[in-house]
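Notes for the one structure printed next.
The values are calculated or read from the model by the stated rules, or taken from the named source; none is laboratory data. Everything numeric here is computed off the predicted structure, so don't read it as measured data. Here Cβ is always computed from backbone atoms with ideal geometry, including for glycine, and neighbour counts include all displayed protein chains. SASA here: full protein model, heavy atoms, side chains in, ligands and nucleic acids out. Shrake-Rupley method; radii C 1.70, N 1.55, O 1.52, S 1.80 Å.
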Amino acid sequence: MMKPDRMIVGVSGASGIIYGIRAMEALKVLGIETHLVASKAAEMTLGYETEFSIKEFRAKADHVYKMPDVGAPIASGSFATRGMLIAPCSVKTMSEIATGVTSSLLTRAADVVLKERRRLVLMVRETPFHLGHLRTMQTLTEMGAVICPPLPAFYALPKTIDDVVDQSVGRALDLFGLDWDGTRRWGEDLEGGRR
């Protein structure tokens, strides 16, 4: 019943929009159909952090939905997907999902993924965390989400920012059972700090 070749990518307004961009590029390489929903704040961040136009950004996805479109296919549990990656995930988006009071297609799609017991991975971008953030993460974990902040993996011996981004995105895609070449693996590509 599940279409393993289809995934939702959410992009919120937190810093780190490159994670969402790179995830869509990786999913394309893996042959996974992408369904993108991005907040207005995400599109503002795109201008601050990259040289991509909104048109170029949206072109990286197979299907693009607007935030108010709660009638979109990804708002329904009958629309089978592998799950949803939110990269980056703002604290506001995380908090909305945790309460179940969703006000946009981004958080509605995440709520649907949880209720259907599909994989929801949140690349939360904030630091430091206060107790409220940590409690929200605990609640989401208890609901079945995976909290996966994009943290550098220095054992992979990154040489560029792209290396750091690729490793974080690759580890997030691992959580969906997807093996992407951008991921450096201990004991395979790396061992004891040697390449």
(Q) In Å², and per residue, what accessible area does the chain have when probed at 1.4 Å with the other protein chains present? (A) 50
**Q.** Accessible surface of L178 - all protein chains present, 1.4 Å probe, nearest 10 Å²
**A.** 20
Q: Please calculate the 1.4 Å probe accessible area of V101, with all protein chains present, and give it to the nearest 10 Å².
A: 100
Q) Lys pairs in the chain, Cα-Cα under 24 Å, at least 8 apart or on separate chains: how many? A) 16
Q: Let me know the charge dipole size of the stretch 1-159 about its Cα centre in debye, to the nearest 20, where only the beta-carbon of Lys, Arg (+1) and Asp, Glu (-1) is charged.
A: 200
Q: Under a 10 Å cutoff between Cα atoms, tell me which one of E33, E96, E49 has the largest fluctuation in the Gaussian network model of the chain.
A: E49
(Q) Suppose we keep just the alpha-carbon trace of the chain; what are its Rg and Dmax in angstrom? (A) 16.0, 51
Q: In debye, nearest 20, what is the charge dipole magnitude of the stretch 67-185 about its Cα centre with +1 on Lys and Arg Cβ and -1 on Asp and Glu Cβ, if you could check?
A: 200
Q) With contacts defined as alpha carbon pairs under 8 Å and 6 or more residues apart, what's the relative contact order of the stretch 42-195 in percent? A) 18
Q) Roughly speaking, to the nearest percent, how much of the chain's 1.4 Å accessible area is carbon and sulfur? A) 54
Q: Any chance you could give the angle, 0 to 90 degrees and rounded to 10, that helix 105-115 forms with the longest Cα principal axis of the chain?
A: 80
Q: Give the long-range amide H neighbours of C89: residues separated by 5 or more places, or on another chain, with amide H under 5 Å away, using H modelled in the peptide plane at 1.01 Å from N.
A: M123, V124, R125
(Q) For a quick check, take a GNM of the chain with Cα springs below 10 Å and name the residue from A109, A153, A87 with the largest mean-square fluctuation. (A) A153
Q. Using Cα pairs under 8 angstrom and six or more residues apart, how large is the relative contact order of the stretch 74-161, in percent?
A. 32
Q: For the stretch 131-147, just list the computed ³J(HN,Hα) in residue order, Karplus coefficients 6.51, -1.76 and 1.60, θ = phi - 60°, integers in Hz, with x standing in for Gly and Pro.
A: 4, x, 4, 5, 5, 5, 4, 4, 4, 5, 4, 5, 7, x, 6, 10, 8
